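The block underneath contains the structure these notes are about, expressed in structure tokens.
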Amino acid sequence: YFGISILTDSDSFREVVVKIKRPTYNKPFLGGFRSMSTGVEFHNAGSQTKPKKRPDKGIELFCKETQTVVEKNKQQQTRNTTSTQMTKIGLYVSNMTDKLISPGKYFTAEEYHKRRLQAVIVLQKYFRRWHAINLVQNLKEQKRLRLAQEAQEELRKKREKEEKLRREYERKLNPKTKEDFELLYHDLELWMQEETERINRTLTGAERKAALCALLEEETQLIACIGMHKLDANVENQQKAILHLLGKCAQPRRWKAYDGKITEMDTQNTLRGKELLEIYRSITTKDIPKDERTSVLLTLKCTVKEHECKLTQEIVTLIDREVDLMSRKVKECNLEGLRKRICTLFLQYIKIPEFNPEVAGLLKVPEDPLKLYKNVYFCHSCENYLPSTEFPIPANSRTIGRCRSCYQLDNEARRREAYLKYRLILENLRRSEVDYQDDSKIVFLVQLPDVQYLIENIWNCQSALSACSHLYDLVMVRWDKQHEWSPWNTILLTKEEADAHLKLCNLQKAYEAPFIYRIKQKHIQAKNYFAQIPVMSSFLHRSNNQANANSYKN
């Protein structure tokens, strides 16, 4: 508070109390002046009313100057002053460099625009010619590349076919597996049918009977020759199976780490398996020097002596006998029987889990005989008790039936059919269904006889599009790729047609109505055949419900 004396009208002073409020903000500068004599600055006064505060928006705001263009006026003058000079009295200017300009023909605006239009047309004509030349060259280049690609594809198909025929010929020439002998018997049956038809067509009477008897004799000789090849192949395959079994026993433990690296670890059992594998390979090796053979036998003797039993005692006795005979310089051919017996007994030694613990999980016959009672069935053809894996059970079968060996023997003796092509189609189908990763189940329930029935009786052994009847070039794929494969959701096509079919998004637009109707009829036939199978009935009802739901949505 401050006291101020104010002069009144009566030449007297009156004290007035003035209340001054200190502002909480900086006073704005509103201009002022400075006294020239004293140098004191005087500011223009402003009201002391507290300014109204703006509401807080929660956003920090800043003032910014306007970007007004600053205008400046500046006079300029040319650097060189020029002028013209004309001929006059007392001055001569040469006109040798002057140009005479005469006015041309006058043309209207319409004529001007017409000339411009003609010029534009000429430009367009040359541009279109250039564009057409480039387009034709591009088309020619695309045609050349397409023809080269087609020629390369045809060459690849030809090479694949030649390679396939070469492999098939090699398999028939040196049969090793069951499929190879199936092909041999199938070709034998085809040859018999052709020869029989030729004899019946060309010969009659006694000549016909004699020719048929000679043909039968020749067939018998060929069957005996195939049987000899089968015996040799069985011996070789048996040796490969033994080495494969011992290789599994010697295989180290493997697992994949979090970083993708494979880690291997040898255990005590795998090291024992490696030791037995090396010894077995050594004793089965032929044509080795006597000193090396003696060293191998001594190693084997030390190995089997670790366990005392009747089998090991017999092996030790046979080893001593062979060493004694070799010291007497007995011929190698006379020792073959003894060496085979040693190999057989040592193999029995390897297959005993007490001596080779790693083999316990690889034997077909478990240690506990009680485990066999659950999965052993009786074959009424060969009258043997066999595990369930030895019985090929079709999807429509209600009984166990015959074992695989009986089916194979019956096929070789009567029908002589080759199932390799159907097996390849089924394997390709299962691989393609696994790639979908949508938990397909029906394709793994369908067996080889079911696929054969589908291909022969429903699809007539030919492609639905091109009618190609070469089964090695055919594959089965989904008709509607949105649903899992089933006998009523499939189509038989060539490999190229299958690739193009799986790229389609709308089957109704891609195929004509008669073709779709024909495919649906084949699907109905498959449903009627597989509806008799109890396992397939649940999948069939589920597919019917899906079809009804889709039709309701449409």
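Just from its helices, what would the mean residue ellipticity at 222 nm be for the chain, if runs of 4 or more DSSP H residues each count -39500 (n - 2.57) and the sum is divided by every residue, rounded to the nearest 500 deg cm²/dmol?
-17500 deg cm²/dmol
Using DSSP H assignments, which helices in the chain have an axial alpha-carbon span of 27 Å or above and a mean Kyte-Doolittle hydropathy of -1.0 or higher?
Correct list, ordered by number: 205-250, 534-553.
Going through the cross-link list Lys290/Lys351; Lys240/Lys374; Lys248/Lys364, which pairs have a Cα-Cα distance over 21 Å in this structure?
In this structure, Lys290/Lys351; Lys240/Lys374 exceed 21 Å between Cα atoms.
Once the whole set of protein chains is in place, how much accessible area is left on Val443, using a 1.4 Å probe, in Å² to the nearest 10?
The value for Val443 is about 0 Å².
Among Cys333, Cys309, what's the order by accessible area (1.4 angstrom probe), most exposed first? Before the final figure, lay out the partial values.
Details: Cys333 85, Cys309 40 Å².
Sorted by accessible area, descending: Cys333, Cys309.
Keeping every protein chain present and rolling a 1.4 Å probe, give me the accessible area per residue for the chain in Å².
Value for the chain: 78 Å² per residue.
Looking at Ala510, Leu426, Tyr453, which one has the Cα that reaches farthest to the positive end of the dipole of the chain (charges on Cβ: Lys, Arg +1; Asp, Glu -1)?
Positive-most Cα among the choices belongs to Ala510.
Could you give the size of the charge dipole of the stretch 178-248 about its Cα centre, using +1 on the Cβ of each K and R and -1 on the Cβ of each D and E, expressed in debye and rounded to the nearest 20?
Using Cβ point charges on Lys, Arg, Asp and Glu, the stretch 178-248 gives about 200 debye.
Place the peptides 122-130, 278-286 in order of packing, highest mean first, counting for every residue the other Cβ atoms within 10 Å and averaging per peptide.
Packing proxy ranking, top to bottom: 278-286, 122-130.
Say the dipole of the chain comes from +1 at the beta carbon of Lys and Arg and -1 at that of Asp and Glu; which of Leu222, Gln348, Tyr169 then lies farthest toward its positive end?
Tyr169
Which of the GluC sites (Glu not before Pro) found in the stretch 316-358 are in a DSSP loop and have at most 13 neighbouring Cβ atoms, other than their own, within 10 Å?
Listed in order of number, the matching sites are Glu354.
Rank Pro55, Leu188, Thr202 by how far each Cα sits towards the positive end of the charge dipole of the chain (+1 on Lys, Arg Cβ; -1 on Asp, Glu Cβ) and give me just the farthest.
Pro55
Arg14 to Leu271: extension gain in nm, 0.36 nm per residue of separation minus the Cα-Cα distance?
Going from the current span to full extension adds 80.2 nm.
Quick check: from the Cα gyration tensor, does the chain come out rounded (a/c under 1.5), prolate or oblate?
Prolate, because a/c is 1.5 or more and a/b exceeds b/c.
Carbon and sulfur atoms: what percent of the 1.4 Å accessible area of the chain do they account for? Each step should come with its number before you reach the end.
Values: 23160 of 42990 Å².
Carbon with sulfur: 54 percent of the solvent-accessible area.
When only Cα pairs under 8 Å and 6 or more residues apart are kept, what is the percent relative contact order across the chain?
Over the chain, the number comes to 7 percent.
Could you check the simple spin-label distance between Glu168 and Cys302, using points 7 Å along Cα→Cβ, in nm with one decimal?
5.6
With a cut-off of 8 Å between alpha carbons and a minimum separation of six or more residues, what is the relative contact order of the stretch 421-549 in percent? Before the final figure, lay out the partial values.
Values: 122 pairs, mean separation 27.1, N = 129.
Across the stretch 421-549, relative contact order equals 21 percent.
Hey, how many Å between the Cα centroid of the stretch 111-144 and the Cα centroid of the stretch 276-345?
With the stretch 111-144 and the stretch 276-345 each reduced to a Cα centre, they are spaced 93 Å.
The values are calculated or read from the model by the stated rules, or taken from the named source; none is laboratory data. As the structure is a computational prediction, the values presented were derived from the model and not from experiment. Ideal geometry is used to build each Cβ from the backbone, glycine not excepted, and the neighbour counts take in all protein chains shown. Heads up: the accessible areas ignore ligands, DNA and RNA and are worked out on the full protein's heavy atoms, side chains in. Shrake-Rupley method; radii C 1.70, N 1.55, O 1.52, S 1.80 Å.
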